[in-house]
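The values are calculated or read from the model by the stated rules, or taken from the named source; none is laboratory data. Everything numeric here is computed off the predicted structure, so don't read it as measured data. Here the Cβ is made from the backbone with ideal geometry for all residues, glycine too, and neighbour counts use every protein chain on show.
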Amino acid sequence: MFEALSILLYGLVQSAVLLLIALGFSVTFGISGIPNFAHGGIYILSGFACWYLLRKAHWPYPLAVAATVALAAAIGTLLYWLVIRPVRRLVLAEVLATFAVGVAFLELFRWMGLVTYEFHLPPVLSGSVTIGGVTMDRHRLVIVGAAAGLGMLLWWFGRATRTGLALRAMAQEEYTALAMGVHEDRMAAIGVALGSALAAVAAVLVLPLGIISINLGYDAILVALALTVTGGTERTAGLLLAALLLGMGTVLASMVLGPHWSEVIYLLAIVVVLAVRPSGILGRFKELEERV
Amino acid sequence: MREAGYRRERLDRGIKVRADDVFVLTSWRELLYLAGPRLAAMTVLLGFPLLRPWTGAYWQTVFLIVVAMMLLATSWAFLERVGLVSLGQSLFFGAGGYLTAIAAVYLHLPSFPAVLLGATAGAVVCAGLLTPVLRLRGVYFSLVTFALPLLFARIIEATKILGGTEGFAGVPGLGGLTLRQYLLVLALLVTVFGLQRLLDSDHGLLLRAIRDNDVGVRASGIPVGRWKFTALLVGALPATFAGGVLATHYHVVGMSAFSLEYSVLPLTAAVLGGSEMLAGAAVGAALLVPLSEVLRAFGTLRVVAYCAVLVVVLVGVPEGLFALARRRYHQFERWVPV
Amino acid sequence: MERVLVAEEVSKTFGGVRAVDGVSLEVRPGEALGIIGPNGSGKTTLINLITGFVRPDRGRILYRGRDITRLSPEGRVRLGIVRSFQTPRPFYHLPAFKNVVIPLCSTRAWERLGSGYGRREEVALDLLEEVGFERDAAAVYKPAAELPHGYLKRLELARCLALDPEVLLLDELFSGMSPAEASSLIPLLIRLTGEGRSLVLVEHRLVELFQVVHRVVVLDFGRKIAEGPPAEVMAREEVRRAYLGREVAAPA
C-alpha cells in the first residue's frame with residue numbers, strides 16, 4: 001500500500017518533470033513546425049545562467065529567475081533570426097542547424113569545465129511534507145503545481161488569445177494562415193522564443209532536483225522527443241497523457257530494474273509509438289496526411 | 001571587381017557538356033581534364049601510406065582515422081540523398097565496432113572475417129532497428145538515429161555488458177597499419193565511385209524521387225519501404241566497416257564509439273563538402289579531420305567548432321565547398337558588357 | 001456483365017467524420033465512370049480507398065474477382081490499378097522526362113519493357129508526347145519544379161500511362177487547366193477506353209467530364225446519392241439539391 005502510494009506520488013512528480021522539460025520543445029514544434037534540437041542546450045544554459053546570477057552576482061531569487069527566462073527567450077529569438085530563418089522550409093537543414101547549436105552550447109560548457117558539484121540551484125520552497133506516510137519535499141510539489149499550471153495556461157493560450165489562434169492556424173495550415181494575415185516569420189520567432197523561455201522555466205524548476213550536468217541537456221532532448229512523439233503534436237492533452245505514462249513508466253522501471261533504465265523507457269516509447277501509431281496516442285495528423 | 005557596365009558570365013566548358021553522359025573524347029588533354037581530379041585524389045589516397053618513412057607513424061594513424069571518417073561522411077551523404085538524414089553516424093560506427101569485437105572474441109574468428117561479419121551484421125542490425133521509422137517522412141529518422149547511440153551507451157554503462165565503461169578489449173589486430181589503411185582506402189574508393197554510379201543510374205533516380213515525394217513513387221508502383229531499407233543497408237555498410245577496422249586497430253571498442261563526436265564530425269564534413277556528390281562528403285572529411293587532429297589539445301571545444309562550421313556552412317554555403325569548386329572547375333567566367 | 005473493379009459497401013471515418021459511408025461501385029472494362037459531388041463529399045477518399053492509400057474501416061475492394069482490400073498501393077499498381085493526384089506533386093528535382101522514367105522502373109513496367117537504360121528514356125519521351133508535350137521542347141528537359149501547372153497535370157497523366165493502367169483513376173485531372181488544354185486531352189482519354197482500359201474520373205469540370213464518361217456516380221456527405229447516365233442523373237432532384245448554389249452544367 002505504502003509502496004503503491006509512493007510509486008504513484010513519485011510517478012506524478014516525474015510526470016510533471018517530464019512535462020516541464022518537453023513543454024518548450026512541443027510548443028515550438030506545434031507553433032512553428034520547427035523541431036528545435038537546441039532545446040536541451042538552452043535548458044542547460046538557463047540552468048547555468050540562473051546559477052551565475054544567484055551565486056556569483058548575488059541577485060535575489062525572483063529577479064534571477066525572471067532574468068534567466070528573459071535571457072532564454074532572447075536567445076530563442078536570436079536563434080530563429082540568425083540560424084533557422086536562413087534555412088527555413090528545409091526541414092532537414094532546420095534539424096541540423098538547431099542540433100548543431102544545441103550541441104555547441106553543451107560541449108562548450110563541458111570544455112569550460114562546468115561539471116562539478118558546486119553547480120546546483122536552490123529549490124523554490126525548502127522543507128518537506130508527509131502525504132499518507134510518504135515524505136515529499138515541498139519543491140517537488142511546486143513542480144507538480146507548476147507543470148499543471150503551465151499545461152493549463154498553454155491550453156488556454158492556444159484556445160483563447162489572438163496570438164494563440166494565429167499560432168495554431170500556422171501550425172495547422174501555413175498557407176491559409178498567411179492568407180489570414182498571420183505574419184509567418186514573427187510567429188515562428190515567437191514560437192521559438194516561447195519554447196526557449198519554457199526551457200528556462202523548466203531549468204529553474206527541475207534542475208534543483210540534482211546538480212546541473214551537461215548530459216541532462218541530451219536527456220532533455222530525448223525526453224522532449226519521447227513526449228512529443230508519444231503524445232502527438234497537436235493537442236496539449238496528448239502531451240499530458242504521454243507525460244503521465246512515461247513518468248509512471250520510468251519510476252516503475254527504475255524501481256524494478258534499476259535507475260539506468262529510465263532512458264530505455266523514453267526510447268522504447270519513441271520507437272514503439274512510431275511503429276504502431278505514428279500520429280501519437282491522441283493524434284490524428286498522420287492519418288489525415290494519408291488522405292493526400 | 002571590374003568597372004560598371006560589365007557583368008560576369010559563366011559558361012560551361014565544352015568538354016563537360018559533351019561528356020556528361022556520352023564519352024566523346026578527342027584528345028589526351030580532354031581525357032586528363034575529366035579524369036585528372038579523380039586520379040589526383042586516388043594518387044594521394046594510395047600513395048600516402050607509402051610515405052611512412054617521411055611522415056612517421058603518428059600521421060599515418062591520423063590518415064587511417066581520416067579515411068574512416070571519410071567513409072562515415074560518405075555514408076551520411078548517401079543516406080541524405082535518399083532523404084534519410086542521420087544525426088547518429090556513431091550508431092553505425094559503434095555497431096560495426098562492437099559486432100566485430102563480438103565476432104572476434106566470442107566466435108573466435110580471425111580478424112578479417114570478423115570485420116566482414118561485424119560490418120555486415122552491424123548494417124543489418126541498424127537497418128532492422130530503424131525499420132519502424134523508415135515509412136515516416138520528416139524528422140523521425142533523424143530523431144531515432146540521434147537517440148539510439150545515446151541509448152546503447154547508456155545500456156552498456158548500466159548493464160556492464162560488453163566490457164561496460166572499460167570497453168570491450170581483446171580484438172585481434174588486422175595485419176599491419178598499412179594493410180588496415182589500404183583496406184579502408186579500398187572501401188572508400190568502392191563507396192565513393194560505386195555508390196555514385198548507383199546514384200546516377202535509374203535506380204539512383206528512384207532514390208532521389210523518394211526523397212522528393214514518396215507518395216508519388218508508391219503510386220508509380222514501386223515498393224518504397226523495400227527501397228529505403230535496401231538503401232539504408234547499403235548506406236550503413238561503409239560506416240560499420242570503418243567501425244570494424246578501427247576496432248581491430250585499437251584492439252578495443254569502447255562506449256566512445258557511440259559518442260557524439262563520431263556523429264557530428266561526419267555530418268559536418270559532409271555538409272562542408274556538400275552532399276550532392278558523394279565525393280564532396282569525402283573531401284569535406286579530408287579537410288576537417290586533419291584539422292581536428294591538429295587541434296586535439298582543445299578537447300570538446302572541437303565539437304563546438306564543428307557545430308559552428310556546420311551552422312555557418314548551412315546558412316552561408318548550403319551547396320558545400322566541393323560543389324562550389326566543381327562548378328568553378330567545369331565552368332569558366334568572363335566579363336561581358338551589359 | 002463483366003466487372004473489372006468492384007467496391008462493396010466501403011466506409012472510412014476520419015476522426016468522427018464519415019468521409020465515405022457504405023459506397024458501392026463497379027467499373028466495367030473499357031468504361032469511363034465519372035464521380036462527382038460537392039467538395040468534401042468523399043470523392044478523393046474513395047480513390048484513396050480503391051488504390052490502397054487508405055484502408056477502409058468496412059467493406060471490400062475486388063479486382064477481377066480477387067479481394068485486394070489489404071493489398072498495398074504498389075501491389076495494386078502491379079495489377080494495373082493506377083491513380084493520379086489532385087495536386088500534382090512531381091519529383092521536383094528531376095527533369096520532366098525523368099519523372100516518367102520513375103514509374104518505368106516499377107515491376108509492372110519491367111514486365112512489359114524488360115530492362116535497358118536507354119529504352120526507358122525513349123518510352124518516357126514518347127509518353128510525354130502523347131500527353132501533349134512537344135517533342136524535344138525545352139519543357140521536356142526542365143526540372144519539374146519549373147513547369148507551369150497545366151504541364152504538371154499532363155506530366156502526372158504521363159506518369160500514370162507509363163504504368164499501362166487497366167483501371168486508371170484520375171483525381172480532378174482538368175482542374176487548373178484552361179478549357180483548350182482540357183479539351184485537348186479528351187481524345188486521348190476516349191482512346192484509352194477504346195483500348196479496353198477503364199477510367200474513373202473524379203471531376204468538378206462537368207462540361208469536359210460528360211464528353212468522356214458513360215456513367216456517373218454522385219456522392220454527397222460520403223454517400224452515393226445517384227448513379228446512371230449523365231443526362232439522367234443530372235436531371236434528378238436530389239442531385240440538383242446537393243449542388244445547390246453551384247452552377248450545374250447541362251450534360252453534353
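Values as computed for the structure displayed
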read-out: Failed criterion for C:TYR63 (all others in (1) more than 8 Å from every other protein chain (Cβ to nearest Cβ); (2) in contact with a Phe, Trp or Tyr (Cβ under 8 Å, 6 or more places away or on another chain) hold); value: (2)
read-out: Condition met for A:GLY30 (crowded, with 24+ Cβ neighbours inside 10 Å and under 30 Å from A:THR130 (Cβ atoms)); value: no
read-out: Helices (runs of 4 or more DSSP H) completely within the range B:196-277 that count 3 or more residues being in contact with a Ser or Thr (Cβ under 8 Å, 6 or more places away or on another chain); value: B:224-250, B:261-273
read-out: The range C:137-167, residues that are over 30 Å from C:GLY196 (Cα atoms) and either surrounded by fewer than 18 Cβ atoms within 10 Å (Cβ to Cβ) or among the acidic types (Asp, Glu) (or both); value: C:ALA137, C:ALA138, C:TYR141, C:LYS142, C:PRO143, C:ALA145, C:GLU146, C:PRO148
read-out: Residue satisfying condition, being away from chain B (no Cβ under 14 Å) and either closer than 23 Å to A:SER26 by Cβ or out of contact with any Ser or Thr (no Cβ under 7 Å at 6 or more places or on another chain) (or both), within set A:MET112, A:MET136, A:MET152; value: A:MET152
read-out: Some residue of the range A:75-92 being more than 14 Å from every other protein chain (Cβ to nearest Cβ), of a type in the set (Val, Ile, Thr) and farther than 17 Å from A:ALA220 by Cβ; value: yes
read-out: Among the residues listed as B:ALA242, B:ALA247, the single one being over 28 Å from B:ARG38 (Cβ atoms) and in contact with a Gly (Cβ under 8 Å, 6 or more places away or on another chain); value: B:ALA247
read-out: Scan of the range C:91-104 for residues that are at the interface with chain B (Cβ under 7 Å from one of its Cβ atoms) and surrounded by fewer than 24 Cβ atoms within 10 Å (Cβ to Cβ), ordered by number; value: C:TYR92, C:HIS93, C:LEU94, C:LYS98
read-out: Check on C:VAL77, facing another protein chain (nearest Cβ under 7 Å) and at pLDDT 85 or above; value: yes
read-out: Only listed residue being surrounded by 15 or more Cβ atoms within 10 Å (Cβ to Cβ), over 25 Å from B:VAL264 (Cα atoms), modelled with pLDDT under 85 and of a type in the set (Val, Ile, Thr), chosen from A:VAL91, A:VAL144, A:VAL129, A:VAL134; value: A:VAL134
read-out: Failed condition for B:PRO53, given (1) under 18 Å from the mean Cα position of the chain (by Cα); (2) modelled with pLDDT under 90; value: (1)
read-out: Test: residue in the range A:259-279 that is touching a Phe, Trp or Tyr at 6+ places or on another chain (Cβ under 8 Å), more than 14 Å from chain B (Cβ to nearest Cβ) and either at pLDDT 85 or above or within 28 Å of B:LEU130 (Cα to Cα) (or both); value: no
read-out: Single unsatisfied condition, B:VAL24 versus (1) among the β-branched types (Val, Ile, Thr); (2) at pLDDT 80 or above; (3) farther than 30 Å from B:VAL294 by Cβ; value: (2)
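Residue-by-condition table, conditions (1) modelled with pLDDT of 85 or more; (2) surrounded by 15 or more Cβ atoms within 10 Å (Cβ to Cβ); (3) away from every other protein chain (no Cβ under 14 Å):
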site	(1), (2), (3)
B:LEU246	yes, yes, yes
B:VAL252	yes, yes, yes
B:TYR262	yes, yes, no
B:ALA270	yes, yes, no
B:LEU278	yes, yes, yes
B:VAL283	yes, yes, yes
B:PRO290	yes, yes, yes
B:LEU324	no, no, yes
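A quick yes/no check of all residues on (1) of a type in the set (Ser, Thr, Tyr); (2) buried (at least 21 other Cβ atoms within 10 Å of the Cβ); (3) within 17 Å of the chain's Cα centre (by Cα):
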| residue | (1), (2), (3) |
| --- | --- |
| A:HIS39 | no, yes, yes |
| A:GLY47 | no, yes, yes |
| A:TYR52 | yes, no, no |
| A:LYS56 | no, no, no |
| A:PHE99 | no, yes, yes |
| A:VAL103 | no, yes, yes |
| A:PHE119 | no, no, no |
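Residue-wise test of (1) at the interface with another protein chain (Cβ under 10 Å from one of its Cβ atoms); (2) over 17 Å from A:THR230 (Cα atoms); (3) assigned to a helix (DSSP H, G or I).
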| position | (1), (2), (3) |
| --- | --- |
| B:HIS108 | no, yes, no |
| B:ALA114 | no, yes, yes |
| B:ALA119 | no, yes, yes |
| B:ALA123 | no, yes, yes |
| B:LEU151 | yes, yes, yes |
